[in-house]
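Data first, discussion second: the structure below is written as structure tokens.
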Amino acid sequence: MTTKEKVTEAIASTLVIDDELYPRTSVNSTHVVAMVAALEAGHTFPPIVIEKDTLIIVDGVHRRAAHLRAHGEDAVVTVQIMDFSGDRGALFEAALRFNSSHGQNFSSYDKARAVARGEALGMTREQIAGALNMTRDRLESFHRQRVANGKPV
């Protein structure tokens, strides 16, 4: 079970990107450049969501990159701290939920990887579908079409 905790500030460069738990294939540099322009124009982004004990980013990798590019290694960012009590599956599920509800859409490859990673972390297909804002039937259909020999295509 996760709990939301306080909103506070952190140094962006101290926040951790865990590739196993990051739900996207990569950071989109074009998106980061657009976010830097928004920061320069005075826009404020929502807090970056991080895991309490590890500082792993649950949501906000692109925001972190934009702040670092705009303000350097000492950039101070607002963070929302969540406690996953060491449950990496719950952290990954939260990352999927956050990222599927706003920002850039997941690519087909991202979705296929989400199924494989979610299952490896103990998530059910029902949980994965819900986190991706898909029905279980739609996820199953998608997965059959996109995965050959156990690997995303």
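What follows draws every value from the coordinates through simple rules; no lab data is involved. Because the structure is predicted, anything quoted here is derived from the model rather than measured. Cβ: placed from backbone, ideal geometry, glycine included. Neighbour counts: every protein chain shown.
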Margin query: Given a Förster distance of 22 Å, report the FRET efficiency between residue 125 and residue 19 from their Cβ-Cβ distance, rounded to the nearest 0.05.
Written below: 0.45
Item checked: Under Karplus coefficients 6.51, -1.76 and 1.60, residue-wise ³J(HN,Hα) of the stretch 61-77 in Hz, glycine/proline x -> 4, 5, 5, 4, 4, 5, 5, 5, 5, 7, 10, x, 4, 8, 4, 9, 10
Note to self: What are the ³J(HN,Hα) couplings of the stretch 124-131, residue after residue, when phi is run through the Karplus curve with 6.51, -1.76, 1.60 and θ = phi - 60°? Round to Hz, x for glycine and proline.
What the structure shows: 8, 4, 4, 5, 5, 4, x, 5
Checklist line | Note, ³J(HN,Hα) from phi for the stretch 14-23, Karplus 6.51, -1.76, 1.60, rounded to Hz, x at Gly and Pro | finding: 8, 7, 9, 9, 9, 4, 5, 9, 6, x
Notebook entry, point to check: 222 nm [θ] for the chain, helices only, -39500 (n - 2.57) per DSSP H run of 4+, per residue, to 500?
Noted result: -13500 deg cm²/dmol
Margin query: Can you compute the charge dipole magnitude of the stretch 1-99 about its Cα centre, using +1 on each Lys and Arg Cβ and -1 on each Asp and Glu Cβ, nothing else charged? Give it in debye, rounded to the nearest 20.
Written below: 280
Next item on the list: Mind grabbing the base-10 log of I(q)/I(0) for the stretch 1-143 at q = 0.11 Å⁻¹? Debye formula, identical points on the C-alpha positions, no solvent, two decimal places.
Entry: -0.41
Check: Can you list residues whose amide H is under 5 Å from residue 59's amide H, if they're 5+ apart or on another chain and H is modeled 1.01 Å from N?
Finding: 49
